[in-house]
Structures are given as C-alpha cells and as structure tokens.
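Each reported figure results from applying straightforward, stated rules to the coordinates on display, with no laboratory input. Since the structure is predicted, the reported quantities are computational estimates derived from the model, not experimental observations. Glycine also receives a Cβ, built like all others from the backbone with ideal geometry; neighbour counts cover every protein chain displayed.
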C-alpha cells in the first residue's frame with residue numbers, strides 16, 4: 001500500500017472503522033462517474049483529488065489485501081469518519097479500479113449515446129481492419145449484429161482460424177468454415193463447462209458415426225451341404241474352370257438370413273430324423289445377431305458421412321448444378337413382359353462420359369462397356385455397379401467413393417418412380433435408373449429383372465457399335481455387379497498369415513476395398529464361362545476349415561458379378577418380393593451354368609432398420625376405424641366373391657406372406673417330413689421352415705436332383721408355362737393324401753391349367769377349395785386351387 005491507495009477489488013468486511021479521520025469529507029459518488037481527473041492539475045493536487053473522492057464508506061470497501069507489513073500489530077489503520085466507532089459498517093459499493101486519464105478516456109462511457117473510443121479496438125489480435133473508411137459499430141447492437149459487423153469489416157491474419165477461407169461468390173464476404181463453432185456469453189455463465197459438455201456429446205456422436213452394426217451369424221445347413229470330392233489348393237487365388245465344373249452344386253442355402261425359410265431338398269436332407277426337427281414357436285420373429293465394428297477407410301457410407309475427400313462425389317457446389325443432370329428415356333422390348341419397357345436415366349453432367357449419345361439431339365444410345373481383352377488397370381473397374389434401393393434415400397450405403405479408393409467408376413442407383421425426387425435430393429451426383437410407374441408397388445424381383453433385361457439390351461447395342469469399329473462381338477465385357485444398399489465392408493481371409501486380429505488359430509482377416517475385390521474377381525481366368533461369381537458373408541465364427549476350400553459351387557447372395565450373356569435365357573421372377581435370389585440361383589444351376597463363390601473374400605452387411613419390405617404395412621382398403629385388430633397372414637386370402645375384408649396390398653405380396661404361414665393347411669403330409677418334400681416345378685417359394693421344397697426344372701436338358709425314389713407329400717404349381725405338361729407330372733410319385741396347390745393369374749387360366757395338365761385324373765378337387773388373395777378386382781388378385789391326391 002502506497003499513500004493509502006489500493007487497487008484491490010476485495011473488501012475487508014471484518015475491518016473496524018478507525019476513530020480518527022485523516023482526510024476531508026467525502027464528495028458525492030457522482031464524481032466517480034465523471035472521472036477522477038476533471039481538469040488540469042499538478043501531481044500533488046491530482047493525488048489530493050483522488051484521495052478526497054474516496055469517502056469513509058468507500059474506504060471500507062477498497063482495503064488492500066493483507067500483507068506482512070500490514071497484518072502485524074504496528075499496521076497503519078485505514079481512517080474512518082469521526083464518531084462512527086460503535087456503528088456497523090455500511091454496505092460495500094461496487095469494486096473500483098483506479099485508472100490513468102488516458103486509459104479512462106479510452107474505456108469510459110461517452111455522453112449523448114456516443115460510442116466509447118474502445119470501439120476502435122480490434123476484436124482479436126489475429127485480425128486487422130479491412131478498410132479505414134468503415135462505418136462505426138452499430139449502437140446497442142446484439143451479439144449477431146456485432147458478429148456480422150466484425151466479419152464484414154475485418155480481415156484475418158495468417159494465424160487466424162478462418163484465414164484462407166474462400167469468399168462467398170454471392171456476397172463477396174469471407175465464408176465461414178462449415179464445421180467451426182463460436183460459443184459466446186457473459187463472463188460468469190459457465191461457457192467452459194458448456195463447451196466441455198458439448199465436446200463430450202460431439203465425441204460420442206463422432207465415435208458412433210465411426211461404428212457400424214454388422215450381421216454376425218454363422219452359416220446354416222452346413223451339415224447338409226454337398227461335399228466336393230474335387231481337390232483344391234488352399235493358396236490358389238482364382239478358381240480353375242475344370243475343377244469347378246466337376247463340383248456338384250450345393251443346393252442347400254447357407255445364408256443365415258434365410259434361417260426361417262423352406263429347406264431345399266437334397267439326398268442328405270432325406271436322412272435327417274424327424275424327431276430332430278423342432279416345431280418353431282408361432283409368430284416369434286428371431287432377432288438377428290449383430291456386432292459393432294469400426295468403419296475403415298474402405299467403407300461404404302450413407303448421407304450422414306461428410307469429409308473433404310468425397311465432398312464433390314456427394315454434393316453439388318451450386319444451385320445451378322442440380323439442373324445440369326439430364327433426363328434420358330431408354331426403351332427396349334421385353335419378351336417376358338410382352339411389351340416395350342421405357343426406363344429413364346438421370347445423368348449428371350460429370351458422368352456423361354460413361355454413355356454414348358447421338359450427334360443430333362443428344363439422344364441416349366447406350367452405356368459404354370469395356371473389352372474382355374483390356375489389360376488390368378489399377379485405376380479401372382470394368383463392371384457397371386447396379387444398386388436397387390427403396391425407402392433408404394438417407395440410410396442406404398450408396399457412397400462408394402472410399403470403397404472404390406476414389407477411382408472413377410460407373411455406379412447406377414435403381415429407384416422407383418415415386419421415390420426418385422428424394423433420391424435425387426440426397427444423391428444429386430449419382431446416375432439414377434428410374435423404373436416405370438407400373439413397378440411402384442413391385443418387389444426387389446422386379447428391380448433385378450429390369451436391371452438384367454436392360455443390361456443385356458445394352459450389351460447388344462454396344463456389340464453392334466463396337467463391331468463397326470472392328471471389335472469382335474464376344475470381346476465386349478458381359479458382366480455387371482448387382483449389390484445391395486447395405487453392403488458396408490469387404491474382407492480378405494487367410495489361413496497361413498497371422499495378424500493382430502485373429503478370429504481363430506490360423507485364421508486372419510484384413511479389410512480391403514471394394515475396388516480390390518472386384519478387380520481380383522474380374523481377373524479370373526476364363527471368366528466368360530462363369531454365370532455368377534460371388535463372395536461369402538462375414539462372420540466372427542469363420543474357421544480355418546471353411547477357408548481350406550477356397551472356392552465353392554453354391555448359392556451367392558447380395559453381392560454378385562453376373563454374366564448377362566450366359567444367363568440370357570434365365571430370368572429373375574419380376575413378381576417376387578422374397579427369396580428371388582434363391583429362385584434365380586436354382587434356375588441358373590438347372591440350366592447347367594456355373595456359379596462360383598470366392599471363400600477367401602467376405603462381405604459385411606450393415607443392419608439398416610429402415611427401408612425394404614419392412615415398410616410395407618398391410619391394412620384394409622377401406623378403413624372402418626383407426627383402432628382395428630391386426631390382420632393375420634391367414635386373412636390374406638379368401639374365397640372368391642365373398643364378403644371378406646379387402647386389403648390394400650399387392651396380390652403377390654399377400655400370396656408369398658400367406659404361403660410362409662399356411663404350410664400346415666396346404667401341405668400337412670410334408671410337415672416335418674423331409675423324406676416327402678413338396679415338389680415345386682420351375683419355382684422356389686418359401687412355404688415355411690417345417691417343409692422341404694424339391695426344385696425341378698421343366699426345361700429340356702436341365703440339371704435336376706435325383707428324385708426317382710422320392711414319394712412327394714405335395715405339389716406346388718406356380719404360374720406354370722407351356723413347358724409343364726401332363727407327361728412331366730406323371731413321372732413323379734406322391735403319397736396318398738398328398739395335397740396340390742395350383743396358382744394362376746385369374747380364374748379362367750386356373751381352370752384351363754387343370755384341364756391341360758389332366759390333374760383331375762389323379763387329384764380330387766372341391767368347389768370350396770378355390771381361393772384368391774384378398775384384393776379387389778381392380779388390384780388383380782391371384783387365384784389358387786387346392787386338391788388331394790387319390
């Protein structure tokens with residue numbers, strides 16, 4: 001303490017006022033507002049005024065902090081007013097900081113609403129004024145106005161966080177970083193705790209964005225798979241066409257997502273004891289097992305992923321770029337549909353190099369295809385990638401930039417007409433293939449059917465175009481990739497190598513890119529002789545035993561390399577909603593074509609909770625009340641011309657759902673009797689896990705399972721064509737009391753089929769055994785008739 005003046009803001013409330021005054025009487029407190037130096041004065045007079053302006057009440061609130069020189073018995077007391085020794089001290093005034101005249105003239109308030117001179121100070125040391133001719137800061141401005149003012153009239157220096165940000169082309173102002181936040185507030189409101197909590201929540205969100213729940217399930221029906229007697233070397237990178245041709249096709253389905261579907265009949269299945277088959281509990285959907293995995297740099301992403309690398313891949317940079325995408329009609333004839341089909345391509349300007357346009361009118365002619373003889377290029381994937389998607393415009397994993405390692409590739413989203421605006425909004429830089437409006441309520445079978453039909457028509461167009469340039473027709477690349485919108489990660493497995501993440505002794509897993517998987521598969525020797533190539537599903541239960549066989553001839557799902565030339569006469573069932581891939585695999589194999597699975601690669605599928613068939617809610621066509629009882633699967637069908645409640649759902653969807661739950665009523669002789677399966681001609685339909693289905697193709701020279709000694713417990717005829725005749729059906733034996741189910745498009749064709757196949761000779765029918773799906777006549781219901789073998 002010097003001259004008895006203190007600059008501390010701590011009041012010594014416990015100090016008693018001294019009895020002897022040392023200074024003059026206090027001046028009014030307004031003198032503090034006017035400043036401590038009002039006019040010219042000498043040094044002595046200035047000190048005198050400053051001390052005089054501090055009265056006794058103020059003195060008690062500006063006492064200095066105790067020090068060794070003032071805390072002892074000989075400390076000088078602070079003087080107080082006379083005669084107040086026995087009174088309690090008055091309330092302390094606000095803290096006072098004694099400033100010099102220059103500092104106060106800069107920081108003190110001005111009269112008449114004028115801004116203080118401190119307004120000329122910069123808000124931050126890393127910025128500078130943009131212009132000396134700037135307007136004054138707005139008076140009584142809030143935080144937003146102040147922020148806008150300083151952003152407009154200051155320029156950043158090199159150490160500032162926003163230094164180097166490009167200016168906004170519209171306003172010319174400096175653009176802000178899109179992921180930089182500013183937290184402002186008065187001094188003691190808890191900003192530090194707020195931003196620490198915000199960082200904690202942000203960290204948890206970011207960690208969650210880096211994690212993904214993938215299905216982790218072991219393969220099913222492995223004990224009933226066909227054993228291959230063909231020897232294979234463990235280290236072979238590609239299959240040998242001769243070895244694969246000698247392998248028997250494993251008709252058993254091993255994908256765990258089909259755990260509750262009908263088993264495909266094999267000779268091994270006939271040896272299964274009936275007692276070992278447990279009757280499942282009714283209407284208890286089994287929750288599939290998942291595991292949380294960290295995303296890697298090779299993952300596929302949805303719309304919630306943003307990074308600097310794939311920014312251009314995902315977003316459009318200006319509003320005008322949205323209109324740069326052009327709409328092109330593409331028409332071709334389909335023998336299966338019996339009419340011309342018109343699809344629409346939405347092609348962004350940046351992706352037009354993948355297509356061939358006419359010189360007049362920019363008419364779309366074809367989609368460019370490479371040659372089989374093209375040398376392997378590390379930056380090229382030959383096959384176009386088709387991804388059908390529905391209801392997942394936000395959550396579908398359609399961002400393949402990182403999975404393809406940033407290389408240029410041809411990726412087409414296949415969407416329904418009514419969903420096109422949503423997908424275009426979220427994926428403006430993607431090529432879209434829009435299905436006709438007649439398929440708005442169709443299932444995934446229609447999308448896969450049209451993808452394959454379009455691709456084959458495009459293959460013929462490209463062959464004609466390149467043939468004029470001297471290229472042989474068989475040299476045009478005939479493969480396409482068809483993958484689900486939930487494929488997230490790809491892995492390569494090895495038995496010899498050991499890594500830091502072994503799943504079992506001798507088994508290691510390494511994450512790889514989609515690009516490397518496709519390039520490896522496309523490099524398969526004599527690849528044009530394979531109909532379908534695929535990979536297995538990932539599971540933490542993968543064993544070294546399953547990897548000792550590097551290639552299998554079996555079902556492949558969700559991610560396939562499809563030869564559209566070899567499979568020209570094998571079609572997807574465009575009516576199907578479920579198990580369309582199992583049906584297509586069985587059709588392909590029965591045609592004598594090769595299906596090969598690479599077991600050293602695996603696919604991780606994300607558990608996506610929205611989209612797909614789960615969004616299809618079955619409800620009455622005419623709602624009587626909002627609180628109606630749920631509609632059971634057995635109510636999906638009814639007797640023709642009955643007063644049954646009609647449902648607002650596609651007929652095919654109702655039929656497939658009904659068959660999954662009606663096996664006890666339709667095929668009682670085949671329930672848990674795998675020695676007497678249900679015979680299905682030219683189709684595979686899921687009729688419940690208690691029943692086995694024996695798939696037989698009616699096509700000449702087809703490859704079928706040996707069933708000479710089998711007595712079937714039922715017969716399923718689904719939309720059978722002219723290849724199915726009475727002579728074919730008479731080759732098979734049926735149990736007495738076996739049941740028949742004939743499904744047709746209408747009642748007229750149902751009766752014609754009964755007569756043409758001479759079914760009344762061996763099967764007994766009743767009028768009350770005719771049913772239809774619970775649709776109105778406008779929705780074209782399906783009809784089916786049941787009978788009993790006599």
Could you state the number of Å between the C-alpha centres of segment 707-725 and segment 390-468? 36 Å
How many nm separate the modelled label positions at residue 150 and residue 197, each set 7 Å beyond the Cα in the direction of the Cβ? 2.5 nm
Net lengthening on full extension, residue 332/residue 471 (0.36 nm per residue, minus Cα-Cα): 47.7 nm
Cα shape, segment 635-743, gyration tensor, a/c 1.5 rule: prolate
Length gain on complete extension for the stretch residue 394 to residue 140, per 0.36 nm per residue less the alpha carbon to alpha carbon distance? 87.0 nm
Which three extents, in angstrom, do the Cα atoms of segment 678-790 have along their principal axes, listed largest first? 43, 31, 28
Within segment 434-466, backbone nitrogen closer than 11 Å to the virtual label 7 Å beyond the Cα of residue 344 toward Cβ: 434-437
Under a crude label model (7 Å from the Cα following the beta-carbon direction), how far is residue 122 from residue 377 in nanometres? 5.1 nm
Stretched fully, the stretch from residue 623 through residue 766 gains (0.36 nm per residue minus C-alpha distance, one decimal, in nm) 48.1 nm
Taking 657, 246, 733 and counting other beta carbon atoms within 10 angstrom, the fewest-first order is 246, 733, 657
For a Förster distance of 56 Å, can you work out the FRET efficiency between the beta-carbons of residue 182 and residue 788, rounded to the nearest 0.05? 0.10
What is the distance in Å between the Cα centres of segment 525-544 and segment 565-636? 21 Å
Using the beta-carbon distance between residue 728 and residue 363 and R0 = 45 Å, what value does 1/(1 + (r/R0)^6) give for FRET efficiency, to the nearest 0.05? 0.45
Taking R0 as 35 Å, what FRET efficiency do you get between residue 99 and residue 163 from their Cβ-Cβ distance, rounded to the nearest 0.05? 0.55
Please report, for the Cα atoms of segment 413-461, the Rg to one decimal and the Dmax as a whole number; what are they, in angstrom? 11.6, 33
Looks like segment 384-423, by Cα gyration tensor root eigenvalues a ≥ b ≥ c and the a/c under 1.5 rounded cutoff (else prolate when a/b is bigger than b/c, oblate otherwise), is prolate
Centre separation in Å (Cα based) which lies between segment 328-351 and segment 174-205: 51 Å
Once you sort the root eigenvalues of the Cα gyration tensor of segment 320-438 as a ≥ b ≥ c, which label holds: rounded (a/c under 1.5), prolate (a/b larger than b/c) or oblate (the other case)? rounded
